[in-house]
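The structure under discussion appears below in the form of structure tokens.
The values are calculated or read from the model by the stated rules, or taken from the named source; none is laboratory data. Everything numeric in this text was worked out from a predicted model, so none of it was measured. With ideal geometry, Cβ positions are generated from the backbone for all residues, glycine too; neighbour counts draw on all protein chains shown.
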């Protein structure tokens, strides 16, 4: 299912903003990791050392961002499930009432 961004209610867009920085970090990680993988272990290379450090930094940043996103998602998901349970309870009660009226 796809939903155009302009149809997403403004109050629900904030969680999407938490995922945006992951794209940037992933791009940095890919470049840094490529430099790291292509290293020549027979000689010292400061650029490779920086790339390795940057790769680790990108991973750490993405983990922080993912934890923030997950915490927000858990909160929203639980609230959504509470609303769904309330709807189901209301429908069950309506069915019980209709069933009782039918028996009368």
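Values as computed for the structure displayed
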item	result
Condition check for residue 17: assigned to a helix (DSSP H, G or I), on the phi < 0 side of the Ramachandran plot, loosely packed, with under 13 Cβ neighbours inside 10 Å and without any contact (Cβ under 8 Å) to a residue 60 or more places away in the chain	yes
Candidates 93, 101, 76 - the one that is touching a helix residue (DSSP H, G or I) at 6+ places or on another chain (Cβ under 8 Å) and either part of a helix (DSSP H, G or I) or over 30 Å from residue 26 (Cα atoms) (or both)	76
Residue in the range 35-50 that is assigned to a helix (DSSP H, G or I) and modelled with pLDDT under 95 present	no
